[in-house]
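Before any comments, here is the structure.
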Amino acid sequence: MAKTDFARIEKKWQDRWEKEKIFEVDEKSKKKKFYVLEMYPYPSASGLHIGHAFNYTIGDVYARFKRMQGFNVLYPMGYDSFGLPAENAAIKHKSHPKKFTEDAIKNYIKQQRNLGLSYDWSRKVECHRPDFYKWDQWIFLQMFKKGLAYRKAAPVNWCRKCNTVLANEQVREGRCYLHEDTEVEIKHLEQWFLKTTKYADELYEGLDKLKDWPEDIKAMQRNWIGKSHGYEIEFEINGKKWPIFTTRPDTLYGVTFMVVSAQHPRLHELVTKEQKKEVDAFLKKIKSTSQKDIEELEKEGAFTGSYAVNPATGDKVPVYAGNFVVADYGAGMVMAVPAHDQRDFEFAKKYGIAIKVVIKPFEYDLNAEKMSRAFTGEGELVNSGEFNFSNNKEAIEEMGKKFGKKVVNFKLRDWLVSRQRFWGTPIPIIYCDKCGVVSVPEKELPVVLPDDVKFTSERNPLIGDDKFVKTKCPSCGGNARRETDTMDTFVNSSWYFLRYCDAKNEKEIFDKKKVKYWMPVDLYIGGREHATGHLIYSRFYIKFLRDIGLLDFDEPAMRLFNQGMVQGEDGQKMSKSKGNVVLPETVSEKYGIDSARLFLLSLGGLDGDRNWSDRGAEGSLRFIEKIMSYFDNVKIGRSSAKTEHRVNKAVRDMTLDIETLRYNMAIIKLRELFEGLGGEIARKDLESFVKLLAVFAPHVAEELWEKIDGKGFVSLAEWPSWDEKKINEEFDKIDAAVEKTVADILNILKIVSGERVYVYVLPHEVKFYSASDLSKRVGKNVKVFAVNDKEKYDPQGKAGKAKPGRPSIFVE
RNA sequence: GCGGGGUUGCCGGAGCGGUCAAACGGGACGGACUCAAGAUCCGUUGGCUUAGUGCCUACACAGGUUCGAAUCCUGUACCCCGCACCA
């Protein structure tokens, strides 16, 4: 289909770039640094599809652009190579996940190379390699020392398909993030956690400073961290103080019962002998309810037999165990005000608990007996002792302070990092009967995953591997055993971008000076799905590493960009089962990868979804082929003022468009510029055109650069500058005038028939009107005269009607 | 329920106070070239009207601000996406 042999051109330039190592960088440069990063991929066995190509092309264009602008650009690639699919494949084929992983990586590299991505491959990071995960373990130990890595028994999310626990961030609507059909079960296990909550407030407040992060991502993080201001109020139960968290102390006089979470660790303290049976039955019932039904779940509970003393009224109110109270939010217990909270209302109705109105709506009265739902609006306090008649909203602060204290609460939970799987970073911990939990000494790192283990679907093969498990206690030298859980793979991605700065360091996690030079990331590109996972974890890691003195900045990435999805031609998500997967190899073969890059980038804003389209790719191919044939017989000489205007304007506008990631706009301007090239062109202007093209279609641009004897690689050429003085909007007006004249002629030709067209132009405008161009455009024989031309043919005296920018026309 | 973002011509999608009946691409249609097809080139693609004009209706809907709105404000409807029994 393509006339040009793109495969040849692509290979030629990819080989040269690689041979000359032109994209490799170091910190010694005097140039200003720029760090472009794409989220590193999990190397899946199925390889890359065109959507990945789109993703990486966004970064590649930017890296090329900044490089040409004279920045020292760090643009690395690596692999998030721990994870379940490889382990599952190993189980299935009785092999080792390492083999699957490394094969997949090889394939990825080959594919990415074929996309023409300008990575510095010398900095490649693969997190399944001991030289990388050693530092995962090292960080873990630093956290352990500071008490930020800790072990606790807790209700945790368990996916039976993954055969492991999951972090909160990996549970979506009660289901496993990897298995949409699998409901997560709650188990009570002792697990390792990282104390993300230590930084909850900084993670929350820091979002305001991330000016160049998308609003929706920041909103999602705010939502996830869930900072809320409220009051802690103590209720006395059986002589002990039990604090609760509330945002509505104004309703305190309306509390008619309390609800403690069914998962509350101290629930048993509240259950009396008489009620034990009932509570146990209730707990058993909840356990068998699947997570998914929770949305529709009716509020249920059981009376514990205990009573709490309302600090405002001194009244004793019953304490229930309930299924709608979250154990680890606030205090795991709530005060219930059925008159003014819908959940409490439903619960009270079900169990026949008193409903006491304490807020009266301004317009009418409430009757507790007759209410069909809770009143949650604003009103006037009643039945509230000294606070009667005040506005409930205004009373919040005063009542909160009187009966409790102001506190801030977060939804964010500590990060559960233990995984009961093999293919992850081993947790560097040893259990000794005498000394308890002991960390592996730093000099013994890494704790390496063994190669010779047998995989079964039953359990983590490390458990049965005595060579791995049996060890000596570093503290007392006695017999001890290693932790067999590994870490969540999101641990690796929390800091991999730091390792790129000093990927081969064997002595330390990284050279502080190098990281100081490159970090933070200037542009980070990746999917929106990482909003509340990776993008929070990595922010947390940065803050921790800063606090132990390794870093001197607060946030990993200054600017974040979430690309849209590339769907199949049918508008559906690409998947093997739908048969709509588009592979970069196929595309390259048909259109050349440069056409594909150009097409994908020109389909609209980069953050929107787009459908692959063979037709569209053909359109881009046509454009590239036209460019190539233009260069076959371009006349290099002097540019007209108009050409200079066009080139300079395009350079100016495209520079801004690329800077702001509006590649689609830049490509349109490139097309317009090309359409306007004609006649002689100065070498400098022609070179500018190739440079503008080079970021989008690098192989073709290199080929053209060579053809016009450009110096070195266009990939390293200096980004064109523009001269504002050469930009003269008059030229655009003239173009518009010519267009208008064409339209006028065609309009007249619609009404009258004629073969010869005469155009009469004011003398100083004659040079803008080319008879041959006009003839071609209107498909008739056109003659152009100056109005003062004595020789002109003008039988009807039309010439006199010509105006500036508006020639007169005669057709016969 | 809370939060984020949308709604533009046949389609995708620009435009973010006048120069807009609205970029660019795709599709469709007409023409040139050709024995023919393809490729390429030119044109049309809201309606009426006209020797190159003028007018009407248009950027989800309804109002408002303004000399002037697809663009700003308010409300309504619909759509997409996150989070969600968070007290």
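Listed values, structure above:
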| quantity | calculated |
| --- | --- |
| Members of segment A:318-377 found to be away from RNA strand B (no atom under 15 Å from the Cβ) and either open to solvent by less than 40 Å² (accessible area, probe 1.4 Å) or within 29 Å of residue A:414 (Cα to Cα) (or both), listed by number | A:318, A:353, A:355, A:357, A:361, A:368, A:371 |
| Answer residue from segment A:674-699, given it is open to solvent by less than 10 Å² (accessible area, probe 1.4 Å) and within 16 Å of RNA strand B (Cβ to nearest atom) and is farthest from residue A:6 (Cα to Cα) among those | A:692 |
| Close pairs from segment A:247-273: first farther than 22 Å from residue A:358 by Cβ, partner within 11 Å of RNA strand B (Cβ to nearest atom) and in a loop (DSSP other than H, G, I, E, B), Cβ under 6 Å, at least 6 apart | A:261/A:325; A:261/A:327; A:261/A:332; A:262/A:323; A:263/A:327; A:264/A:327; A:264/A:332 |
| Selection from segment A:765-812 of residues that are near RNA strand B (Cβ under 7 Å from one of its atoms) and either surrounded by 16 or more Cβ atoms within 10 Å (Cβ to Cβ) or under 11 Å from residue A:745 (Cβ atoms) (or both) | A:777, A:778, A:779, A:798, A:807, A:808, A:809, A:810, A:811 |
| Members of segment A:435-492 that are part of a helix (DSSP H, G or I) and either under 26 Å from residue A:125 (Cβ atoms) or out of contact with any Pro (no Cβ under 7 Å at 6 or more places or on another chain) (or both) | A:442, A:443, A:444, A:466, A:468, A:469, A:490, A:491, A:492 |
| Number of positions in segment A:582-604 that are over 12 Å from residue A:53 (Cβ atoms) and part of a loop (DSSP other than H, G, I, E, B) | 3 |
| Lone unmet requirement of (1) under 30 Å from residue A:538 (Cα atoms); (2) buried (at least 18 other Cβ atoms within 10 Å of the Cβ); (3) within 13 Å of RNA strand B (Cβ to nearest atom) for residue A:399 | (1) |
| Entirely in segment A:144-229, the strands (runs of 3 or more DSSP E) that have 3 or more residues that are of a type in the set (A, V, I, L, M) | A:149-159, A:185-194 |
| Enumeration of residues in segment A:612-625 that are under 26 Å from the mean Cα position of the chain (by Cα) and more than 7 Å from RNA strand B (Cβ to nearest atom) | A:612 |
| All positions within segment A:450-467 that are within 26 Å of residue A:167 (Cα to Cα) and touching a residue at least 40 places away in the same chain (Cβ under 8 Å) | A:455, A:456, A:457, A:459, A:460, A:462 |
| Top-ranked residue in segment A:639-655 [being hydroxyl-bearing (Ser, Thr, Tyr) and part of a helix (DSSP H, G or I); ranked as farthest from RNA strand B (Cβ to nearest atom)] | A:643 |
| Some residue of segment A:630-638 being among the polar types (S, T, N, Q) and part of a helix (DSSP H, G or I) | no |
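The values are calculated or read from the model by the stated rules, or taken from the named source; none is laboratory data. Just so it is clear, the structure is predicted and the values come from calculations on it, not from any experiment. Cβ atoms come from the backbone with ideal geometry, glycine included; neighbour counts cover every protein chain shown. SASA here: full protein model, heavy atoms, side chains in, ligands and nucleic acids out. Shrake-Rupley method; radii C 1.70, N 1.55, O 1.52, S 1.80 Å.
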